[in-house]
Structure formats: structure tokens, C-alpha cells
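Let me begin by presenting the structure, written as C-alpha cells, before commenting on it.
The values are calculated or read from the model by the stated rules, or taken from the named source; none is laboratory data. These numbers were taken from a predicted model, which means no experiment stands behind them. When we count neighbours, we look across all protein chains shown, and the Cβ atoms used for this are built from the backbone with ideal geometry, even at glycine.
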């Protein structure tokens, strides 16, 4: 008779295989959840060239700001800009609204204002701001815009003018956790706090002054335009006859641009880059200081650059801080010190006074005489501003609910001069 022996290894393998089969046939967990779809809406550029000078009207949304002499030019994103007489900062007076589709940025050259109309560059005569006049249009002077989350203007479809929103229900595995994604030419998100914008993702001297969030920078006779991944150059020696030069790579993603001496300081989600414009028609990469990923405007004074890094949102990252960078050697910039911040946006510096828009923490004024030992002078905790333009006596702040002007002659005790409110449309 043949003998059979019991092998425990066979038994272990048998039970292991049985358990594996049971796990494979186990019901898969899924659930339904709300998804918000944002689908880009296109229009041909030929339909977007209608510009008009209108009577003054209420401000319905604040965008970027530009100051020239005693006048403020306040942008409403993609709609145009307000012309505001600021001869008396305690009583600013709106005198006109200029309707310009796709307007986001403004710069000034002498008595001319340079404005974007999507891909066109417009020149306005502001020798008499009360009677502003459109005097030139340079078609296709600006690159097609590139937006967050992989969207870009497609010349075969036209210009993205908005994103239409709809709510959907989708099924997903219980373990799946997605915040946003792109599919079939549309953007999807599970949270309303992360949405694409129809706006794409800074200057001084006699030609006026811009805030720190600008993507236009005027330096001498040239307008430089930061366009997400490239840097465009336009010769505006004659603002009535702009000459477009070949664009160069921005060496990565770029958000803001600030002219300082003979260089351009580019704020990006991963650091500050420096471009030399010794040859003004061909900016050349000179150096950089990298940081944790975050939104990144920059200003400078006395060979010191101040960079705010804001985590969260489309820029990613979770670090919020102020970086102080020595740029005396533009090929080897040196990070001197970092200061912790709560949620910083735009900033400004004037005569060793640094102003920072720090989200819910308010607007902060610092003595920056020693940049590695900043001294907090005062905090306006009641205002959540996103950009500022400063001089010795006035801080012009742009917030979601309005445009504020404070007298900062006494840096320890700023005094509100005026507020031009934002009125819901």
C-alpha cells in the first residue's frame, strides 16, 4: 500500500490562496461626490478689440495699480481700468473708466500709457488724463496667454475670455482623493477654493510706479512682459510705434517682474531669477535664488531684494515667508535671511521702509535700514490687502473690498486718509 504523508506547507499555501481569492471578489468600495467643471469659453480676437472711454463708475473688482504723477490707474481684470485723480489723497476722484477687454497690466512711458488688450498692445495719450485718448494699437504684440492648470490661448480657437462652471456627480473609489485634474479640455475640482482664472499667471522712476504683482516692467525705452514661461521685449522709444523683439526663455515659470537698476527681477513659484538687460533687446539670465514652492512677488532697494513666498493655492507648497537677498552681484545672489510670515501677497519698499501685505495678519510696516534685522513698526490688522505702492508719506493699498490710502508719515501710527470701495455688481 502506498503511504501518504501530510505536508504542512501545502496546507498553508492552500489557505493563503483561498484568502487571496476572497479578497479579489470582495465588493469594491465606491462613492458619489460633487465635481465642479470649468470649461474655457473662447472668442475670436476680432470681437475683443472694442475700446471705449466711459463716464466714471463704481469699482466692481480691484486688480493691479499704476501711479503716474497725481493719477491712479486701477485695473478691473479683463474689463479695463479706472482713471482716478489723486491730487488730494484724502478725496480721490474717479474721472473716467476705460473699457479694454483683456486688460490686466499697465505701464507708462512719458505721457503715454501702455495697456494690454489680450494679445494687442494699446497706447493711450494721457497728457490730459481727464481726456484720455487711444492713439495706437499694435496687433499681436503680446504672446498668447498661458494660464494655471495647463490652459493656454489657442490661436486656432481664439482667446479664453471666461470659464463656465457646472456641477457634476462622479463615482470614485473610496480611497481616491483628488483635488483637481484636467480632462478633455476642461478643468475639474472637488473644491470651490481651487478654480482656474481667466487672468494669466513691477516699475518706478519718472515713468510712474507699479505694484509688485505686475507682469509689465518698463526700463528705459523698453517694455518687458513676463508671460508664464517666456520674457518678451518691446522697444517703446516711440510709444506710437512699438517694435516687438524676439522673446527669450524665462528659464522656468514666472509670475511677476520688477525692474531694478539695469536688471529685471522675476518672481516665480520656485525662486527669484535675475536677468541682465545690458543689451536691452535681449535679456540674459544672470542668476537666481531658489526657494520652497510658493507664489513669489519681489521688490528691491539698495541692492537688496525682498521676496514674499506664499504657500497654498495654485502655487503649491506650504511655506510662507519673506526672503531677503543680496543682489549686489547679480550672478551670485545671496539669501541673507528668511522671516516667517502668515500668508504674504504683494509688498513695497521705499526709503528703507518695507510694507508687506500679509493676508489675515494685516498690512505690516518694517524699518528695513538693516535688512537682516527688520524691525516691525506697525500693523494694520483690519485690512487684508494684496498689493501696495508706497512713498515717504502715503501707502496705497489694494484689497478685495476697496482701495485704501494711509498717511504713514508716522510709521508707528498710520492714519486712514480715504477708501474707494468695491461695489458688488
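Search the range 305-337 for residues being in a strand (DSSP E or B) and modelled with pLDDT under 90, and hand back the single one that is surrounded by the fewest Cβ atoms within 10 Å (Cβ to Cβ). Can you show your working first?
From the range 305-337, those in a strand (DSSP E or B) are 305-310, 321-326, 334-337; that's our starting set.
Adding the requirement that they be modelled with pLDDT under 90 leaves 309-310.
On the way: 309: 26, 310: 24.
Checked the range 305-337; the qualifying residue surrounded by the fewest Cβ atoms within 10 Å (Cβ to Cβ) is 310.
Checked against the criterion of being surrounded by 13 or more Cβ atoms within 10 Å (Cβ to Cβ), touching a helix residue (DSSP H, G or I) at 6+ places or on another chain (Cβ under 6 Å) and modelled with pLDDT under 95, the range 66-76 contains not a single residue that satisfies it. For the criterion of being at pLDDT 95 or above, within 29 Å of residue 181 (Cα to Cα) and touching a strand residue (DSSP E or B) at 6+ places or on another chain (Cβ under 9 Å), residue 28 fails. Taken over the range 90-143, the criterion of being farther than 22 Å from residue 55 by Cβ and assigned to a strand (DSSP E or B) is satisfied by 107, 108, 109, 112, 114, 116, 120, 121, 123, 136, 137, 138. Note on the range 378-398: residues that are part of a strand (DSSP E or B) and over 21 Å from residue 214 (Cβ atoms) total 3.
Does residue 347 qualify as being at pLDDT 95 or above, under 23 Å from the mean Cα position of the chain (by Cα) and on the phi < 0 side of the Ramachandran plot? When the stated conditions are applied, residue 347 passes them. When residues in the range 144-167 are screened for being at pLDDT 85 or above and part of a strand (DSSP E or B), 9 of them pass.
With respect to residue 217, determine if the residue is modelled with pLDDT of 85 or more, touching a strand residue (DSSP E or B) at 6+ places or on another chain (Cβ under 9 Å), closer than 29 Å to residue 165 by Cβ and assigned to a strand (DSSP E or B).
no
Being more than 14 Å from the chain's Cα centre (by Cα), crowded, with 16+ Cβ neighbours inside 10 Å and at pLDDT 95 or above is the requirement here; does residue 236 meet it? Yes, satisfied.
Considering the range 288-304, the residues that are at pLDDT below 90 and in a strand (DSSP E or B) include one that is surrounded by the fewest Cβ atoms within 10 Å (Cβ to Cβ), namely 290. What residue, among those in the range 399-416 that are assigned to a loop (DSSP other than H, G, I, E, B) and touching a strand residue (DSSP E or B) at 6+ places or on another chain (Cβ under 8 Å), is modelled with the lowest pLDDT? So, considering only residues that are assigned to a loop (DSSP other than H, G, I, E, B) and touching a strand residue (DSSP E or B) at 6+ places or on another chain (Cβ under 8 Å), the one modelled with the lowest pLDDT is 400.
Applying the selection to the range 70-85, what residues are closer than 20 Å to residue 400 by Cα and not in a strand (DSSP E or B)?
Let us first name the residues in the range 70-85 that are closer than 20 Å to residue 400 by Cα, namely 72-84.
Those that are closer than 20 Å to residue 400 by Cα and not in a strand (DSSP E or B): 77, 78, 79.
May I ask you to verify whether residue 125 is surrounded by 15 or more Cβ atoms within 10 Å (Cβ to Cβ) and within 23 Å of residue 259 (Cβ to Cβ)? Answer is no for this residue. When we screen 116, 47, 110 for residues that are within 22 Å of residue 233 (Cα to Cα) and either surrounded by fewer than 16 Cβ atoms within 10 Å (Cβ to Cβ) or in contact with a helix residue (DSSP H, G or I) (Cβ under 9 Å, 6 or more places away or on another chain) (or both), the only hit is 110.
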